[in-house]
Number of protein chains: 2
Amino acid sequence: MTFSPKSYYIGIDLGGSQIKYGIVSSSGKVLTRGGRLTPQKSGRRGVIDSLVEIADNLLNFARKNKIRIRAMGIGSPGCIDINSGKVLGSCPNLPFWVGTNLKQIFRKFSLPVTADNDANLMALAEAKFGAARNCRDVVCLTLGSGIGGGIILNGEIYRGSNFAAGEIGHTAVNFLGERCKCGRLDCMETYASANAMLKRSQKLARTDKKSLLNQLIRKNGNRLDVPTLFLAYGKKDRIAQKIVEETGETLSTGIANVVNILSPEMVVIGGGLVDENADIIKKIEKQVKQKAFPTATKNLKIRRAKLGNQAGFIGAAYQASQSSR
Amino acid sequence: MTFSPKSYYIGIDLGGSQIKYGIVSSSGKVLTRGGRLTPQKSGRRGVIDSLVEIADNLLNFARKNKIRIRAMGIGSPGCIDINSGKVLGSCPNLPFWVGTNLKQIFRKFSLPVTADNDANLMALAEAKFGAARNCRDVVCLTLGSGIGGGIILNGEIYRGSNFAAGEIGHTAVNFLGERCKCGRLDCMETYASANAMLKRSQKLARTDKKSLLNQLIRKNGNRLDVPTLFLAYGKKDRIAQKIVEETGETLSTGIANVVNILSPEMVVIGGGLVDENADIIKKIEKQVKQKAFPTATKNLKIRRAKLGNQAGFIGAAYQASQSSR
């Protein structure tokens, strides 16, 4: 009889608003998982304490359940030096986080630790266990408060020089002169992130008091969220339809640009409007096939992300498993 | 005594207007070279006959000079299946060329033959022997009648799915609604190729009869070429300055997009305006560093191509040398 103990890995996904985490098997199965709010107001020290506590809890869970944790991985916003573990670049949502060494946070656990950009790890998870399973070259977009981008080439995260590749949300796709929070003009993120959609919808709704959208916003205490926008869209509210269609056009233009540059097998889109309206993927796919080169779209598939908000920590755990083999 | 005979390779670069070719050593030294017009009007048969004649002549040269040719490589417009050698995709400048099998053309010579897209091979040559020597991740743009693009990742040509990657000239960088000859709206090529610059300059010059540019065009039999445009630019003609500056802005926007996606070590630009005005590279570099992410531009260099119109056949010969090792 051969004895084959299963290997397990901790994955932690630090985001601007939430930390998601879990214990994941080498085949991508999630054994346990959880989430908590990022203690933004407690600064760097508070976030570090929170991350250490999460790792402590997960290791206790493992001990109780007689599971061996072989390594841990962490995903974080910003540009991450995967060798040192240091956060090199800007994190508009966690400004105090730049300069933190992600690997050193977990030093006391005496386990191998890997660290990478959160969007890179989401793309990796979708390519290994999600929508793009078995695809070699994949581009992944996540539409949230911003637009995260990750690129998988030959089955591996592509980081380019200085670990900075994949910022597809910050390619210019319009020339209306809107300033993005990255400082650049006309980024895809400024027009097509979930936040951008909501902002533009509210502005338009204000100009048409009789519109369904305006009524829904007023009912909701003058606030708008993505489900409400799509409720109005589903009921054929003119403003909601205009915004969703314009957002689809912007996304398909930006995606067609990336497709002409990289010619991936698959583009995976998660978050924001696609979680609320699966049909939009079909529309975007059709538009990208009209806008990009026929040779580049011949084998192209555009698919909805499958792993939802678990993608980040699953990717982090997978990366840890690869480096500790 | 060790006997180490040098290895030589034939490289042929088929373009819409010219065929350039040479015999190249394994270290990139050009032993002999030449060029002739592409016999466009003779159709596919005529172009094939021309290519075979060129190969015949180069092999005769090699025999006379007691040089051993080990393999030959060809570059061609269009999307090339590098395994079969077949031209898969559109060649707007050589429409009859789609479907041709590039490897079979040279079958009678009983030598290993490699085939690839011309812009891919230019990028490869610049990365191995030109401006981007010793760089791992390189993006190469050639501004001619169109804008060719090639991507080198980890020192190798990146082709993506269906061999279609690298069409950076066909990313949308403006929203003025100009139709590109690829069928898409607002491609970089429509605004920033040498042809596009000349077309827009002529249109503007017509509206200002007193301008230096208008005078130069009339002197030149109502035609405008790139050197004349830059003559006017050098003499501070308002129209020429406006066009060159706008072209630089368009290029830097498109390049900043690619830099945020791929974060290469170097962007190499050849042809068109940079051959006539080396200073423009400095301007574009400055603008790209303003427009792209600081983390993505930290190590980035933007350089003028070094190999000129020899890059295509040098890249073809280099590729042949790699596959016949």
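Bear in mind these aren't lab numbers, they're just calculated from the coordinates by the rules spelled out. Only a predicted model underlies this, so the values are computations on that prediction, with no experimental measurement involved. Don't worry about glycine lacking a Cβ; one is built from the backbone with ideal geometry, like all the others, and counts go over all protein chains shown.
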Where labels lie 7 Å past Cα in the beta-carbon direction, separation of residue B:61 and residue A:45 in nm = 7.4
The pairs in B:209/B:235; A:181/B:283; B:199/B:291 lying past 21 Å Cα-Cα in this model are A:181/B:283; B:199/B:291
Cα centre as origin, Lys/Arg/Asp/Glu Cβ charges: the protein assembly as shown dipole, Debye | 100
What ³J(HN,Hα) values, in whole Hz, does the Karplus curve 6.51 cos²θ - 1.76 cosθ + 1.60 give for the stretch A:305-315 when θ = phi - 60°, with x put for Gly and Pro?
-> 4, 9, 9, x, 7, 8, 3, x, 6, 5, x
Among B:190, B:157, B:257, whose Cα sits farthest toward the positive end of the charge dipole of the stretch B:138-305 (+1 at Cβ of Lys/Arg, -1 at Cβ of Asp/Glu, about the Cα centre)?
-> B:190
How big is the stretch B:167-325 by the Kirkwood estimate over distinct Cα pairs, in Å?
-> 17.1
Exam field: residue B:25 pseudo-label spacings to other copies (7 Å along Cα-Cβ), nanometres = 5.9
Cα-Cα over 24 Å, subset of A:219/A:242; A:64/A:108; B:6/B:128; A:242/A:282; A:203/A:282; A:203/A:236 = A:203/A:282
What are the residues whose amide H is under 5 Å from the amide H of residue A:114, where those residues sit 5 or more places off or on another chain and H is modelled from the backbone?
-> A:72, A:73, A:74
Just the number, please: Stokes-Einstein D of the protein assembly as shown in µm²/s, Kirkwood Rh from C-alpha pairs, 25 °C, 0.890 mPa s.
-> 92
Measuring from its Cα centre, chain A shows a charge dipole (+1 at each Lys and Arg Cβ, -1 at each Asp and Glu Cβ) which, in debye to the nearest 20, is 780
Can you sort B:178, B:167 so the residue with the fewest Cβ neighbours within 10 Å comes first?
-> B:178, B:167
Karplus 3J(HN,Hα) series, Hz, for the stretch A:21-26 with 6.51 cos²θ - 1.76 cosθ + 1.60 (x for Gly, Pro) = 7, x, 10, 10, 7, 5
Relative contact order of chain A (C-alpha contacts under 8 Å, at least 6 apart) in percent is 21
Under a Cβ-Cβ cut-off of 12 Å, what is the net charge of the residues other than residue A:259 that fall near it, where Lys and Arg count +1 and Asp and Glu count -1?
-> +1
Note, ³J(HN,Hα) from phi for the stretch B:47-61, Karplus 6.51, -1.76, 1.60, rounded to Hz, x at Gly and Pro | 5, 4, 4, 5, 5, 5, 4, 4, 4, 4, 4, 5, 5, 4, 4
One finds, for residue B:53 and residue B:107 with R0 = 22 angstrom and r their Cβ-Cβ distance, a FRET efficiency to the nearest 0.05 of 0.90
Positive end of the charge dipole of the stretch A:132-281 (Lys, Arg +1 and Asp, Glu -1 on Cβ, about the Cα centre): tell me which of A:228, A:267, A:280 has its Cα farthest that way.
-> A:228
Closest-to-axis residue of chain A (Cβ criterion, axis taking A to B), whole Å | A:175, 2
Ranked A:293, B:96, A:230, criterion: other C-beta atoms within 10 Å, fewest first = B:96, A:230, A:293
Taking the reciprocal of mean 1/r across every pair of different Cα atoms in the stretch A:148-246, the Kirkwood radius in Å is 15.2
By Cβ neighbour count within 10 Å, fewest first, B:301, A:64, A:286 rank A:64, A:286, B:301
State to the nearest 20 debye the size of the charge dipole of the stretch A:6-88 about its Cα centre, where the only charges are +1 on K and R beta carbons and -1 on D and E beta carbons.
-> 340
Taking each residue of B:249-259 in turn, how many C-beta atoms of other protein chains fall within 10 Å of its C-beta, and what is the average?
-> 3
Once normalised by the length of the stretch A:138-305, the mean sequence separation of its alpha carbon contacts under 8 Å that are 6 or more apart gives a contact order in percent of 23
Could you work out the mean count of beta carbons from other protein chains within 10 Å of each residue's beta carbon in B:283-296?
-> 4
Under 5 Å from the placed amide H of residue B:270, counting only residues 5+ away or on other chains, we find B:141, B:142, B:143, B:305
With the convex hull built on the Cα atoms of chain A, state its orientation-averaged projected area in nm².
-> 18.6
Over all residues in A:168-174, what is the mean tally of Cβ atoms on other chains that come within 10 Å of each residue's Cβ?
-> 6
Once amide hydrogens are built 1.01 Å from N within the peptide plane, the residues lying 5 or more places from residue B:18 or on another chain with amide H under 5 Å from its amide H are B:38
